[in-house]
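To start, the structure under review is shown below, and the notes come after it.
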Amino acid sequence: MPEITREDMIKDEEVVVTYTHRGYIKRTALDQYRAQLRGGKGKIGIVVRDEDFVDQIYTASTHSYILFFTNAGKAYSIKVFEIPEAPLTSKGNR
């Protein structure tokens, strides 16, 4: 009988991963975003602290790997579902 892993219990869906200049990261379900109509005011995508800004935005599957590279030349990988999920207006986790 095959072994059931934690990953088997996670729904495979498209998400948006947001990373800020100061190192805050979060994942948000792709369906939280929608197209803006003409004359719209837009939607707040992330709340950041002073002197911080969104540095990178990626779309990925929850079962994909994401790689992080340090200044020392090391690389770390984690599954996207391991990144904390947060609403659009959250700043994320460090």
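Each residue in the range 44-83 was checked for being under 12 Å from R27 (Cα atoms), open to solvent by less than 50 Å² (accessible area, probe 1.4 Å) and not β-branched (V, I, T), and 5 of them qualify. Reported count of residues in the range 1-25, each being of a type in the set (S, T, N, Q) and at pLDDT below 90, is 2.
For A86, the conditions (1) in contact with a Gly (Cβ under 9 Å, 6 or more places away or on another chain); (2) modelled with pLDDT under 85 all hold with the exception of (2).
The values are calculated or read from the model by the stated rules, or taken from the named source; none is laboratory data. Just so we're clear, the structure is a prediction, and the values are computed from it rather than from any experiment. All Cβ positions, even for glycine, are placed from backbone atoms using ideal geometry, and neighbour counts span all protein chains on display. Just so you know, the surface numbers come from the protein's heavy atoms only, side chains and all, with ligands and any DNA or RNA stripped out. Shrake-Rupley method; radii C 1.70, N 1.55, O 1.52, S 1.80 Å.
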